[in-house]
Amino acid sequence: MKDFPYSESKDTRSGFGAGLAELGRNNPNVVALCADLTGSLKMDAFKKEFPERFYQVGIAEANMIGLAAGMTIGGKIPYTGTFANFSTGRVYDQIRQSVAYSGKNVKICASHAGLTLGEDGATHQILEDLGMMKMLPHMTVINPCDYNQTKAATIAIASYEGPVYLRFGRPVVPNFTPADQKFEIGKALMLNEGTDVSIFATGHLVWKAILAGHILAEKGISAEIINIHTIKPLDEAAILASVAKTGCVVSAEEHNRLGGLGDSIAQVLVKNKPLPQEYVAVNDSFGESGTPDELMEKYGLNEQSIVAAAERAISRK
């Protein structure tokens with residue numbers, strides 16, 4: 001099992017902020033809109049450097065999406081920013097009708113996703129957003145794993161023509177991917193080659209999958225670990241190539257078990273190569289208030305849960 005050293009831990013929302021600021025310096029068509037959460041979304045640097053291209057719309061998320069859709073007609077590339085719950089659940093109709101339906105070039109950037117929002121509780125911890133967004137025609141859905149990858153993804157989606165949902169979070173997590181990486185939409189990343197089980201992870205669960213891989217290696221189990229940063233379009237070729245070697249699957253995500261990455265992988269398998277699959281995800285429930293670590297443990301989103309799921313998948317071969 002490969003080692004993935006890291007020099008520091010950072011929050012992925014700061015990767016978004018850094019990427020947005022860099023874009024502002026290099027692409028005059030990039031504009032930013034925020035729904036009263038500039039500090040939380042780390043959009044301060046962009047606001048300070050480019051005040052004429054920053055729009056504070058207040059607590060009016062639906063209006064923000066409508067404004068962003070209109071700006072694309074003039075050739076602007078709008079990045080909208082608020083919490084994931086408000087970026088999707090509160091404004092689903094506006095996204096569907098004004099952005100996805102007409103294929104508008106809006107980048108919907110969503111922080112504080114999943115359980116790791118923590119103490120704010122279930123009303124703010126959206127666990128359905130990946131499913132909601134991936135079901136919209138024309139929508140690209142991206143869920144990077146650390147600061148560097150989030151920054152790279154933020155920059156990359158400016159060159160992609162069409163609506164994008166970019167999901168990231170608040171907690172500090174290990175920053176282990178290269179600072180100079182080239183982010184390719186729809187291209188899964190092999191982290192560790194293995195022969196016994198394929199572990200496909202996304203977002204914060206990628207690091208947990210790496211930790212699980214070390215535990216499995218100590219047990220004599222060879223885990224193939226793949227970072228699925230793009231939920232849609234899904235890298236089906238990478239999935240099928242991996243399972244051809246291993247014969248079983250674990251999917252790991254900070255999302256509802258229904259409708260997320262695991263279900264997308266299951267669709268690929270059932271059409272091409274049915275085989276045992278285990279899910280590491282929230283089991284169709286809302287969250288609750290607590291620290292991110294407490295919640296990830298209670299809801300089974302940690303390395304121990306991935307190890308147990310891998311052993312179950314292997315036993316079913």
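Scanning for something over 30 Å from residue 289 (Cβ atoms) and not basic (Lys, Arg), does region 80-94 turn up at least one residue? Among the residues of region 80-94, not one is over 30 Å from residue 289 (Cβ atoms) and not basic (Lys, Arg), which makes the answer no.
Which residues, counting only those in region 84-138, are of a type in the set (S, T, N, Q), within 24 Å of residue 156 (Cα to Cα) and surrounded by 24 or more Cβ atoms within 10 Å (Cβ to Cβ)? First the steps, then the outcome.
First pass over region 84-138, keeping only residues of a type in the set (S, T, N, Q): 85, 87-88, 94, 97-98, 102, 105, 111, 116, 123, 125.
Narrowing the set further to residues that are within 24 Å of residue 156 (Cα to Cα) leaves 85, 87-88, 98, 102, 105, 111.
Result: 87, 88, 111.
Applying the selection to region 249-268, what residues are closer than 14 Å to residue 209 by Cβ and within 16 Å of the chain's Cα centre (by Cα)? Lay out the reasoning, then the answer.
Let us first name the residues in region 249-268 that are closer than 14 Å to residue 209 by Cβ, namely 249-254, 261-262, 265.
Result: 251, 252, 253, 254, 261, 262, 265.
Test residue 15 against the stated conditions and say whether it is part of a helix (DSSP H, G or I), in contact (Cβ under 8 Å) with a residue 60 or more places away in the chain, assigned by TED's automatic domain parsing to the domain that holds residue 145 and under 30 Å from residue 216 (Cβ atoms).
Values: part of a helix (DSSP H, G or I): yes; in contact (Cβ under 8 Å) with a residue 60 or more places away in the chain: yes; assigned by TED's automatic domain parsing to the domain that holds residue 145: yes; under 30 Å from residue 216 (Cβ atoms): yes.
Taking the combined requirement at face value, the residue satisfies it.
Inside region 94-116, residues that are in contact (Cβ under 8 Å) with a residue 12 or more places away in the chain and part of a helix (DSSP H, G or I) make up a count of 8.
Yes or no, residue by residue, for (1) within 30 Å of residue 197 (Cα to Cα); (2) acidic (Asp, Glu); (3) under 21 Å from the mean Cα position of the chain (by Cα):
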position: 9; (1), (2), (3): yes, no, yes
position: 14; (1), (2), (3): no, no, yes
position: 20; (1), (2), (3): no, no, yes
position: 33; (1), (2), (3): no, no, yes
position: 40; (1), (2), (3): no, no, yes
position: 57; (1), (2), (3): no, no, no
position: 73; (1), (2), (3): no, no, no
position: 88; (1), (2), (3): no, no, yes
position: 106; (1), (2), (3): no, no, yes
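Does region 79-93 contain any residue that is assigned to a helix (DSSP H, G or I), in contact (Cβ under 8 Å) with a residue 12 or more places away in the chain, more than 30 Å from residue 281 (Cβ to Cβ) and touching a helix residue (DSSP H, G or I) at 6+ places or on another chain (Cβ under 7 Å)? No, every residue in region 79-93 fails to be assigned to a helix (DSSP H, G or I), in contact (Cβ under 8 Å) with a residue 12 or more places away in the chain, more than 30 Å from residue 281 (Cβ to Cβ) and touching a helix residue (DSSP H, G or I) at 6+ places or on another chain (Cβ under 7 Å).
One residue is enough: does region 41-54 have a residue meeting the conditions touching a Ser or Thr at 6+ places or on another chain (Cβ under 6 Å), surrounded by 24 or more Cβ atoms within 10 Å (Cβ to Cβ) and part of a helix (DSSP H, G or I)? Scanning region 41-54 turns up no residue that is touching a Ser or Thr at 6+ places or on another chain (Cβ under 6 Å), surrounded by 24 or more Cβ atoms within 10 Å (Cβ to Cβ) and part of a helix (DSSP H, G or I).
Only one residue in 210, 226, 157 is crowded, with 21+ Cβ neighbours inside 10 Å, assigned by TED's automatic domain parsing to the domain that holds residue 292 and under 15 Å from the mean Cα position of the chain (by Cα). Which one? Steps first, please.
Working: 210 fails: under 15 Å from the mean Cα position of the chain (by Cα); 157 fails: assigned by TED's automatic domain parsing to the domain that holds residue 292.
Residue meeting the stated conditions: 226.
Take the conditions (1) within 22 Å of residue 109 (Cα to Cα); (2) without any contact (Cβ under 8 Å) to a residue 40 or more places away in the chain; (3) part of a helix (DSSP H, G or I); (4) not assigned by TED's automatic domain parsing to the domain that holds residue 15; residue 182 misses just one of them, which is (3). The sole residue among 65, 77, 73 that is outside the structural domain of residue 227 (by TED's automatic domain parsing) and surrounded by fewer than 22 Cβ atoms within 10 Å (Cβ to Cβ) is 73.
The values are calculated or read from the model by the stated rules, or taken from the named source; none is laboratory data. The structure presented is a predicted model; accordingly, all values stated were derived computationally and were not measured. Because the Cβ atoms are built from the backbone with ideal geometry, glycine has one as well, and the counts that use them run over all protein chains shown.
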